[in-house]
Amino acid sequence: MISPNVTIDAASLCVKSGNAVILRGGKEALHSNIALHRVLRDGLIETGLPEGAVQLVETTERSVVANF
């Protein structure tokens, strides 16, 4: 489960190191993570970085990411 502070921490570390990240949080923080992802995406676009560098799986269903 990803809590809102981990969403920002993981995303910023990955972008800073030149990597992409796909985040999937738990149901308890879903709405916060969606809002934070939008802010992160807007910041990436504003700074000229690829908006897809930080992606969020907007469901808490484990089956969605079972094959990764």
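Placing unit charges on the Cβ atoms of the charged side chains and taking the dipole of the chain about its Cα centre, the candidate lying farthest along the positive direction among 22, 37, 12 is 22.
Compared with the alpha-carbon gap, the fully stretched path from residue 28 to residue 46 is longer by 3.6 nm at 0.36 nm per residue.
Taking amide H as placed 1.01 Å from N in the peptide plane, the amide H of residue 56 sits under 5 Å from that of 23, each at least 5 places away or on another chain. Using the 1.4 Å probe convention, the accessible area of the chain works out to 69 Å² per residue with neighbouring protein chains retained. Would you work out what percent of the accessible area of the chain, with all protein chains in place, is carbon or sulfur (probe 1.4 Å)? Using a 1.4 Å probe with all protein chains present, the chain comes out at 55 percent carbon and sulfur. Here the calculated FRET efficiency for residue 12 and residue 58, from their Cβ-Cβ distance with R0 = 22 Å, stands at 0.65, rounded to the nearest 0.05.
Relative contact order for the chain: 37 percent, from Cα pairs under 8 Å spaced at least 6 residues apart, divided by residue count.
In the frame of its principal axes, region 1-64 has Cα extents of 31, 19, 18 Å, reported largest first. Round to the nearest 10 and give me the degree value, 0 to 90, for the angle of helix 30-46's Cα axis relative to the longest principal axis of the chain. Computed tilt is about 20 degrees.
The values are calculated or read from the model by the stated rules, or taken from the named source; none is laboratory data. Computed from a prediction, not measured in an experiment: that's the story for all the values here. For neighbour counting, all protein chains shown are included, and Cβ atoms are generated from backbone atoms with ideal geometry for every residue, glycine included. When the accessible area is computed, the model is the full protein with side chains, heavy atoms only, and any ligands, DNA or RNA have been set aside. Shrake-Rupley method; radii C 1.70, N 1.55, O 1.52, S 1.80 Å.
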